[in-house]
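Everything on this sheet refers to the single structure shown next.
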Amino acid sequence: MDKIKTVDSFNPLKVIADPLRLQILRLLMAEAATLSQLGRKLRIHPAKVRYHLKQLEEIELVELVSTREIGGFVEKYYRATSRALLVNLAVTPDSQKGETVIALGSHDLALELLAETLAQDENTPDMFALPLGSLDGLIALRQGIGQMAGCHLFDPPSGEYNLPYVRHLFPGHPMRVVTLVRRQQGLLVAPSNPLRIKGLQDLSREGIRFVNRKRGSGTRLWLDQKLDEQGIPSQAVSGYNWAVNTHLQVAQAVATDQADVGLAVLAAAQKFQLDFIPLFEERYDLVIPEEHYHSPLLVPALECIHTAKYRRAVESLGGYNTGEAGKEIVL
């Protein structure tokens, strides 16, 4: 019996999408059972259990493990073929160009611009940027979803960005870390900064409403480290538990007066005409498994990063430095 089995195609996903079949599967993950036992637990006739069990058997999520004769009747015991099921599937927009590049991880406007640039060229594959957060993006990449992950994870003990995390999550796996940009992050506040917010210490002030980023994002991890260093408990920050997925959502929350302050990139502040209090500059990298790095699918994206046209467009967003764009580190 496997500890974890991965679903990475549509057919098994369709089978377990049925609530009753999913419940049968979960019961059989806990312990082996007969049709009659499952029927009693689910309060349905064993014949109905047999119908759904047969479909789970066909996709090898359930198996017969033993039989027992009781009073002239043969009882068959079934169990799940794994203790847990990991659904590992990305659904992306239909592209007329064929296969799509999937870029997971941290939200970034320069990465979105790269995707837009590729979309405008009918001879290059489309790119779909999925904002999961830096850490979740790397984990998804390790699970085989997508070809690259954008991240900006700072490791205080080493003083490095991203490399310690990649080494930890991909031990023994050849990887490429390609710098996309350096970018400025800081606090976004309303025009003219009416609440006179100056830094992180103001986040715990009474009446200040904060909008946070989701757990696992590089921005959230940086904030948590700094709050801890400054002795500011997260529960003292009003709105700490309100988390959004992207820098633009942070900016929108401040621009629409749903929050007084949020942490995001300068480009997001400029897009919504907000004031910006700079706090730090960071390196944003693209993490690519070696086997994808050499794939023709990624060549147009990697070549685009080096072009003067793309770099000018990125720097026009505000708060971006493309001086190291395309620089590679082999791990």
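Any read-out appearing in this document is the output of simple, stated calculations on the displayed coordinates, not a laboratory observation. Computed from a prediction, not measured in an experiment: that's the story for all the values here. As a convention, Cβ positions derive from the backbone with ideal geometry for all residues, glycine included, and neighbour counts pool all protein chains shown.
Observations on the structure shown:
- Of the residues LEU114, PRO12, LEU27, the one whose Cα sits farthest towards the positive end of the charge dipole of the chain is LEU27 (charges of +1 on Lys and Arg Cβ, -1 on Asp and Glu Cβ, taken about the Cα centre).
- Amide H to amide H distances under 5 Å link MET175 with GLU290, LEU331, where only residues 5 or more positions off or on other chains count and H is placed in the peptide plane.
- Note on region 2-87: lysine pairs with Cα distance below 19 Å, sequence gap of 8 or more or different chains, count 8.
- Positive-end residue, region 186-302 charge dipole about Cα centroid, Cβ charges, pick of GLY218, PRO289, GLY239: GLY239
- Highest-first packing order for the peptide set 309-319, 107-117 is 107-117, 309-319, based on the mean count of other beta carbon atoms within 10 Å.
- Cα-based reach from LYS226 at 29 Å (exclusive), listing lysines while leaving out same-chain residues under 8 positions away: LYS198, LYS214, LYS271, LYS327
- FRET efficiency, THR67 to LEU42 (Cβ-Cβ, R0 30 Å, nearest 0.05): 0.90
- Taken about its Cα centre, the chain carries a charge dipole of about 1200 debye when Lys and Arg each add +1 at the Cβ and Asp and Glu each add -1 at the Cβ.
- By definition, a body whose alpha carbon gyration tensor gives a ≥ b ≥ c is prolate when a/c is 1.5 or more and a/b is larger than b/c, and region 208-271 fits this prolate description.
- By the helix-only formula, in which each DSSP H run with n ≥ 4 contributes -39500 (n - 2.57) and the sum is divided by residues, the chain has a 222 nm mean residue ellipticity of -9500 deg cm²/dmol.
- The three principal axes of the C-alpha atoms in the chain carry coordinate ranges of 84, 52, 38 Å, sorted with the longest axis first.
- Each Cα pair under 8 Å and six or more residues apart adds its separation to the average, and for the chain the resulting relative contact order is 19 percent.
- The modelled label-to-label distance between LYS54 and GLU291, using points 7 Å beyond Cα along the C-beta direction, is 3.7 nm.
- Close amide H pairs (under 5 Å, H built 1.01 Å from N) link ALA103 with PHE128, ALA129, LEU130, residues at least 5 positions away or on another chain.
- Annotation: amide H-H contacts under 5 Å for GLY318 (H modelled 1.01 Å from N, sequence separation of 5 or more, or interchain): none.
- Annotation: extensible slack from ALA115 through ASP224 equals 36.2 nm (criterion: 0.36 nm per residue apart, minus Cα-Cα distance).
- Residue among VAL299, GLY71, LEU53 farthest towards the positive dipole end of the chain, charges placed on Cβ: GLY71
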